[in-house]
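*Asks:* One structure coming up, written as C-alpha cells, with questions to follow.
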Amino acid sequence: MVMAKLLIVFVITLLAISMADYKVLAKETEHAEGEYHLDRASRGPGSLRTSQCPGQCTRRCSHTQYHKPCMFFCQKCCMKCLCVPSGFYGNKGECPCYNNWKTKRGGPKCP
C-alpha cells in the first residue's frame, strides 16, 4: 500500500515538472521570436532559427512573379545557412553562405 502511494506521488511530481518545463519553453520561444529584428547587427550567418525561415523567405520573395520557386530555394538556403539577406533582391553580401552556394552550372542557388 505504501509503495502504491509513493508511486502515485512520483508520477504526479513528474507530470508537474514536465508541465512546468513545457510552459517555460513556450515562453522562451515566444519571447525569442518576438525579439527578432531586421537590423544590421542581427543579420548574417546563423542569425536565424529554422522556424523563422518561412517568414523571412515570404518577405524576400514577396515581389517576384516566380513566387513558388523563389520560396522553395529560399527556404532550402535558409535551412542550410540560417540567414536570409535583407530586401527583395541583392544584398547577398550579408549572408556569405547564401551568396556562395552555387548550382552545378555555377549560377546562384539562392534567390
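*Asks:* Return the residues of region 75-107 that are in contact with a Phe, Trp or Tyr (Cβ under 9 Å, 6 or more places away or on another chain) and either buried (at least 19 other Cβ atoms within 10 Å of the Cβ) or at pLDDT below 90 (or both); say none if nothing qualifies.
*Replies:* Hits for region 75-107 are Cys77, Cys78, Cys81, Cys83, Val84, Pro85, Lys92.
*Asks:* I've got another one for you. If the Cβ limit is 6 Å and pairs must be 6+ apart or interchain, which residue in region 57-81 that is among the hydroxyl-bearing types (Ser, Thr, Tyr) pairs with which residue that is assigned to a loop (DSSP other than H, G, I, E, B)?
*Replies:* Short answer, once both residue conditions are applied: none.
*Asks:* Every residue in region 50-74 that is open to solvent by 40 Å² or more (accessible area, probe 1.4 Å) and polar (S, T, N, Q), please.
*Replies:* Thr50, Ser51, Thr58, Ser62, Thr64, Gln65, listed by residue number.
*Asks:* Does region 85-111 hold any residues that are under 19 Å from Ser62 (Cα atoms), of a type in the set (Ser, Thr, Tyr) and in a loop (DSSP other than H, G, I, E, B), and which are they?
*Replies:* Correct list: Ser86, Tyr89.
The values are calculated or read from the model by the stated rules, or taken from the named source; none is laboratory data. Because the structure is predicted, anything quoted here is derived from the model rather than measured. Note: ideal-geometry Cβ built from the backbone for every residue, glycine included; neighbour counts use all protein chains shown. Ligands, DNA and RNA are stripped out before the accessible areas are found, and what is left, the full protein with its side chains, is counted by its heavy atoms. Shrake-Rupley method; radii C 1.70, N 1.55, O 1.52, S 1.80 Å.
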